[in-house]
Amino acid sequence: MAGADARLTLDGTTLDLPVEHATVGNDGLQISTLLKDTGKVTIDPGFMNTASCESRITYIDGDNGILRYRGYPIEQLASQSTFLEVSHLLIHGELPSEDVLNALNNRVRRHMHLSDNMKQFLFAFPRDAQPMSVLSGAISALATFYPESTGHDDESLELATVLLLAKAATVIASMQRRAAGGDLIEPRDGHYVSEFLRIAFSPNSGDMDVDPDFRKALDLLLILHADHEQNCSTSTVRMVGSSHANIYASIAAGIGALSGPLHGGANEAALKMFDQIKESGDTVEQFVAKVKDKSEGARLMGFGHRVYKSYDPRGAVVKQVADSILSKNGGDNQTFEMAQRLEEIALSDEYFIERKLYPNVDFYTGLLYSAMGFPSPIFTPLFALGRMPGWIAHYREMLSDPRTKIGRPRQIYLGEVERDYIPMGQR
Ligand code: SDX
């Protein structure tokens, strides 16, 4: 596409900045010779205006609430696809044939078992250990248990892909079992998401009829979380992977990033916020006033987004599913009604409107997970399980991009200029 380059004039030097054109969305200014040609660097805290890479995986239009995985709208994938099919799409770029999808389902299911030393690894942690810390350790440890899958060749990456999707599911479900006092049970030959629910919730006999509505709801939630372009945790995976660290070390770092309450931890923080409002006796109007006042540092968790300046399309789908599951299962409707009231007030309040703050994917997910019987510490690991294919897809895309270089940002130094050492007696 034709398009004039940008021109930068600085201290008498004029520099043409070539424009890199996107197929859709923001074009970029190529500044790779800026430091060499001008002696200056750019600074952009939080990278709000800075692209870290070129990618073909996910597209978000934050102003219009659009999310597409490999060009397919999230609404169509949410209503017609499955999590493992979306995983293949994100990683390989195309929807799989029926044979390829069946082969993926079978391969992942066969690897859902945990080896004895992996079980010992889990037993080393207290039953109530913070699950994101355990998950990050378990994923990193896969490099030691399956060293043959740590390479950068396609065969190693395919094996690592299957191992990550399979073991993460069993580790998370097993953590929930252990936290509830249960013994670990072996996966059986069931559907991936059904097996996850059975391992998480069944009695020690392992026998349980999985509710088809719950299976469908969880499969949908995993699809909604599967990728989101260069978010904090995915950027972390790319950064760590750019040093040629193996895929497990890179994704373990991403899990650490996701655990923060401003990122993946917001689903648990939002539910905690609803509970705090109830316990405080505040009306939702009074809570919103506290958020706007900022004096107590109150934030409306599950609201706001770096990219979405309109309703997060995922949040809209989660809200619909929460409504159906809660009405079917008679969950905590009072909190759901309070959340909807909170949303209604916020969306009509100038503070939120002028800052373009809308519900994001985390606003209703905690309510829905809770209605399905998940304890709140497992909410963010569920986000991590959903995001696993996205992290894998970005790691593999980063590796295959000839323009990838080890990530090493510059800085603007504001510290002391040179000074001499002061002997102890003179301090
Ligand atoms: C996820 O990046 C992704 O794609 C992430 C994600 C994914 O799929 O990977 O979508 C998942 O992380 C969703 C976001 C979950 N986090 C939360 O719900 C936590 C609550 N929200 C925020 O803290 C905040 O909105 C962020 C972190 C999500 C975005 O922060 P930004 O873009 O850095 O914006 P900011 O903090 O600079 O806020 C801008 C203004 C400020 O007010 P002023 O200083 O201009 O007066 O908006 C205010 C903020 O105080 N603001 C909020 C608010 N979020 C922003 N005020 C009250 N409540 C909030 N939630």
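The values are calculated or read from the model by the stated rules, or taken from the named source; none is laboratory data. Given the structure is predicted, the values throughout are model-derived calculations rather than measurements. Note that we place each Cβ from the backbone using ideal geometry, even for glycine, and neighbour counts take in every protein chain shown.
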* Structure fact -> The number of residues in segment 32-60 that are farther than 28 Å from Ile392 by Cα and of a type in the set (A, V, I, L, M, F, W, C) is 4
* Return the residue satisfying two criteria in turn: it lies in segment 327-338 and is in contact with a Ser or Thr (Cβ under 9 Å, 6 or more places away or on another chain) and part of a helix (DSSP H, G or I), and of such residues it is modelled with the highest pLDDT. => Thr335
* Structure fact -> Checked segment 291-304 for anything over 24 Å from Phe379 (Cα atoms) and loosely packed, with under 12 Cβ neighbours inside 10 Å; matches are Asp293, Lys294, Ser295, Glu296
* Condition broken by Tyr308, with the remaining ones in (1) more than 12 Å from the ligand (Cβ to nearest atom); (2) hydroxyl-bearing (Ser, Thr, Tyr); (3) crowded, with 20+ Cβ neighbours inside 10 Å satisfied -> (1)
* Is it true that some residue in segment 35-46 is under 18 Å from the mean Cα position of the chain (by Cα) and either assigned to a loop (DSSP other than H, G, I, E, B) or within 14 Å of the ligand (Cβ to nearest atom) (or both)? -> yes
* Structure fact -> When Gly181 is run through (1) of a type outside the set (S, T, N, Q); (2) modelled with pLDDT of 95 or more; (3) closer than 24 Å to Met118 by Cβ, the failure sits at (2)
* Is it true that Arg107 is at pLDDT 95 or above, surrounded by fewer than 16 Cβ atoms within 10 Å (Cβ to Cβ) and touching a helix residue (DSSP H, G or I) at 6+ places or on another chain (Cβ under 8 Å)? -> no
* To do: Mind listing whichever residues of segment 210-234 are over 28 Å from Gly373 (Cα atoms) and either more than 15 Å from the ligand (Cβ to nearest atom) or in contact with a strand residue (DSSP E or B) (Cβ under 7 Å, 6 or more places away or on another chain) (or both)?
  => Glu229
* Asked: Considering segment 252-299 alone, what residues qualify as being within 22 Å of Val134 (Cα to Cα) and over 27 Å from the mean Cα position of the chain (by Cα)?
  -> none
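Conditions tested, residue by residue: (1) of a type outside the set (Phe, Trp, Tyr); (2) surrounded by 16 or more Cβ atoms within 10 Å (Cβ to Cβ); (3) within 10 Å of the ligand (Cβ to nearest atom).
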{"site": "Thr236", "(1), (2), (3)": "yes, yes, no"}
{"site": "Tyr248", "(1), (2), (3)": "no, yes, no"}
{"site": "Asn267", "(1), (2), (3)": "yes, yes, yes"}
{"site": "Phe274", "(1), (2), (3)": "no, yes, no"}
{"site": "Lys278", "(1), (2), (3)": "yes, no, no"}
{"site": "Gln286", "(1), (2), (3)": "yes, no, no"}
{"site": "Ala289", "(1), (2), (3)": "yes, no, no"}
{"site": "Val321", "(1), (2), (3)": "yes, yes, no"}
* **Residues of segment 314-324 classified as within 23 Å of the chain's Cα centre (by Cα) and within 12 Å of Met372 (Cα to Cα), total** => 2
* Could you grab the pairs with beta carbons closer than 8 Å, sequence gap of 6+ or different chains, first residue in segment 92-106 and at negative phi, second one among the polar types (S, T, N, Q) and part of a helix (DSSP H, G or I)? => Leu104/Ser87
* To do: Any chance you could count how many residues in segment 387-411 are free of Cβ contacts under 8 Å to residues at least 24 places away in the same chain and closer than 26 Å to Leu159 by Cβ?
  => 2
* Structure fact -> Note on segment 193-209: residues more than 14 Å from Gly373 (Cβ to Cβ), in a helix (DSSP H, G or I) and out of contact with any Phe, Trp or Tyr (no Cβ under 7 Å at 6 or more places or on another chain) are Ser194, Glu195
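Go through the residues of segment 392-413 one by one and say whether even a single one is within 14 Å of the ligand (Cβ to nearest atom), within 20 Å of Leu163 (Cα to Cα) and modelled with pLDDT of 95 or more.
Yes; the residues of segment 392-413 include at least one that is within 14 Å of the ligand (Cβ to nearest atom), within 20 Å of Leu163 (Cα to Cα) and modelled with pLDDT of 95 or more.
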* To do: Mind counting the residues in segment 146-197 that are within 15 Å of Met208 (Cβ to Cβ) and among the basic types (Lys, Arg)?
  => 2
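Which helices (runs of 4 or more DSSP H) sit wholly inside segment 350-413 and have at least 1 residues that are under 19 Å from Ile74 (Cβ atoms)?
Values: elements: 350-354, 362-371, 379-400.
Where helices (runs of 4 or more DSSP H) fall fully within segment 350-413 and carry at least 1 residues being under 19 Å from Ile74 (Cβ atoms), they are 362-371, 379-400.
Looking for something more than 27 Å from Ser79 (Cβ to Cβ), under 24 Å from the mean Cα position of the chain (by Cα) and not in a helix (DSSP H, G or I) - is there at least one such residue anywhere in segment 130-149? I'd like the intermediate steps shown before the answer.
Step one: filter segment 130-149 for residues more than 27 Å from Ser79 (Cβ to Cβ), giving 130-149.
Going one step further and asking which of them are under 24 Å from the mean Cα position of the chain (by Cα), we end up with 130-143, 149.
Those still in the list that are not in a helix (DSSP H, G or I) too: 130.
Yes, there is a match, as at least one residue in segment 130-149 is more than 27 Å from Ser79 (Cβ to Cβ), under 24 Å from the mean Cα position of the chain (by Cα) and not in a helix (DSSP H, G or I).
Tell me whether segment 203-217 contains one or more residues that are closer than 26 Å to Thr144 by Cβ and in contact (Cβ under 8 Å) with a residue 12 or more places away in the chain. It would help to see each step written out before you state the result.
Looking only at segment 203-217, we keep the residues that are closer than 26 Å to Thr144 by Cβ, and these are none.
There is no residue in segment 203-217 that is closer than 26 Å to Thr144 by Cβ and in contact (Cβ under 8 Å) with a residue 12 or more places away in the chain.
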